[in-house]
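Remarks on the structure that follows.
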Amino acid sequence: MHTTRTSFAVLAASALLLLAGCSGGTTAPADTADESAAATPAATAATTSAAAAPTTGQSKADACQIIISSFTDVTKASSEVSTSDPQAAVATFKTLADKVTADFAQITNADIAPAAQKASAQLSEYVSFLDGVVSDPSKMSGLSDQVTALQKSFTEAGTACQS
């Protein structure tokens with residue numbers, strides 16, 4: 001089961017790196033102070049526009065921020081999962097998938113929502129796969145296909161945020 005945890009943690013971390021480009025400057029690492037200072041007015045303007053005209057819908061930056069925040073939480077929690085108890089690990093992953101589903105349900109931006117919903121559904125499918133592996137370890141051979149599908153869905157969400 002250690003391989004499964006590692007795959008999930010690596011995948012979640014990869015998704016975070018990919019999705020970092022869609023933050024619209026609202027969150028930046030400390031070492032990019034010049035870039036964040038330049039992006040802050042744009043982020044402020046986007047927030048102000050959204051507040052001034054709520055009928056226009058959710059901004060792309062706000063939708064992508066939900067994705068980044070959710071994947072940050074998932075990455076942190078998944079890196080702390082103990083694989084000494086595979087059933088407990090799968091239960092934790094189920095909780096994380098439920099969190100992503102709830103978080104992504106808040107995404108209403110027409111450009112981002114479809115990719116976010118696809119990523120959320122794929123994550124739920126991945127967790128179901130892990131649950132099946134705990135019940136029947138011979139199913140582990142399908143891990144590569146599951147990880148590939150999950151990576152593809154995360155990549156699509158990241159691409160939607162970056163475009």
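Cβ under 12 Å from residue 109's Cβ, residue 109 left aside: what net charge do those residues give with Lys, Arg +1 and Asp, Glu -1?
Taking every other residue near residue 109 into account, the sum is -1.
Mind giving me the nanometre distance, one decimal, between the label points for residue 163 and residue 117, set 7 Å out from Cα along Cα→Cβ?
It works out to 1.7 nm between the two label points.
Around residue 132, what is the net charge, scoring Lys/Arg as +1 and Asp/Glu as -1 over all other residues with Cβ under 15 Å from its Cβ?
Residues near residue 132 contribute -2 overall.
Apply the Kirkwood formula to segment 72-163: the hydrodynamic radius equals the inverse of the mean of 1/r over all pairs of different alpha-carbon atoms; give it in Å with one decimal.
Final number for the Kirkwood radius of segment 72-163 is 13.9 Å.
Throughout, read-outs are computed from the coordinates displayed, never taken from laboratory work. Because the structure is predicted, anything quoted here is derived from the model rather than measured. Backbone-built Cβ (ideal geometry, glycine too); neighbour counts: all protein chains shown.
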